[in-house]
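Visitor: Quick one: this structure, given as structure tokens, is what I'll be asking you about.
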Amino acid sequence: MAKYHKGDRVRTISRRYLDRTHATNEAADAGRFTTSPPMMPGPHRNRTPVRVINRSGATRSRWSVMRVTGMAIDPSQNEDSAARQPVLEVELQSSSNTQGVPVVLWEPLQDDQIGEATISGITPVLCEDVGPSAEFLIPVDGQESADASDSGPMQVIWSPELAADPRPPAIVHLGSVPGAGESEWFYQFELTADPSATEGTADITDGAGNAIGSATVYDPRSIFFDVLLSGDGGYCIKSGGKYYAVNANCPAGS
């Protein structure tokens, strides 16, 4: 019977490794290997998931769009728990809640139950009467589905034909574009007082005509505000939390 000495196992494994490496190189030289398909994205690679609790008063469908109304755990009362296990309270959009961050549910969610949602990234979303030409979607008061708009927090990647039955969800990019910081969206403004050369107070509305509220609109190079007066308006974008005028109906002859 053959005797095995210390080190024999190491030499055997090394030999097998070299044999496999040699065979692999031969196969590659013979052209028998092809490029492997890229790894498919996992469920979280293209989006940011969050935990939410449904405060809308009813069960909500998968892919429903809702808005954040607060934190289930108040950070001012329990900072550590709020940081370790953040749960966002969400409801359907309403006239009193048009500024909450939008999220899309990734599972059916009963009232007062906790589930998963997407707060940014690529996600399906329920939509109504939205055709392939839609560019943006916005939440609708009292509805689980989103509607088309000239601007908004959801940029359409794909949307179904209007006649599709059953109607599949649209595919959108929710929130800011990765790496670009805050998204820049078009809004409309109407000055509520005569502006200075570089800034003025105005009422802001989104592309669908929904009131955003009063805010300062800036014109750093005095392109528009040196001729505009109270009641005049135009278009602006939001960047870095501030509104900047980009177009305006200037008075004739100005």
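Visitor: What is the packing order of peptides 115-124, 49-58, taking the mean over residues of other C-beta atoms within 10 Å and listing the highest first?
Guide: Packing order, densest peptide first, comes out as 115-124, 49-58.
Visitor: Which peptide among 229-237, 140-148 comes first, and what is the full order, when sorted by highest mean count of other Cβ atoms within 10 Å?
Guide: The peptides rank, most packed first, as 140-148, 229-237.
Visitor: Search the structure for amide H atoms under 5 Å from the amide H of GLU199, placed 1.01 Å from N in the peptide plane, and list their residues when 5 or more places away or on another chain.
Guide: Under 5 Å from the amide H of GLU199: ASP219.
Visitor: Through the Karplus equation 6.51 cos²θ - 1.76 cosθ + 1.60, θ set to phi - 60°, convert the phi angles of the stretch 229-236 into ³J(HN,Hα) values in whole Hz; use x for Gly and Pro.
Guide: Each residue of the stretch 229-236 in turn: 10, 4, x, 6, x, x, 10, 9 Hz.
Visitor: Can you compute 3J(HN,Hα) from phi for each residue in the stretch 188-199, using the Karplus curve 6.51 cos²θ - 1.76 cosθ + 1.60 with θ = phi - 60°, rounded to whole Hz and x for Gly and Pro?
Guide: Per residue, the Karplus-derived 3J(HN,Hα) values read 10, 10, 9, 5, 9, 7, 4, x, 7, 5, 10, 7 Hz.
Visitor: Using amide H atoms built in the peptide plane, which far-off residues or other-chain residues are under 5 Å from CYS127 H to H?
Guide: Placed amide hydrogens put ALA146, ALA170 under 5 Å from CYS127.
Just so you know, all these numbers are worked out from the coordinates, no wet-lab data involved. Worth saying up front: this structure is predicted, and the values here are computed from it rather than measured. Reconstructed Cβ throughout: ideal geometry from the backbone, glycine too, with neighbour counts over all protein chains shown.
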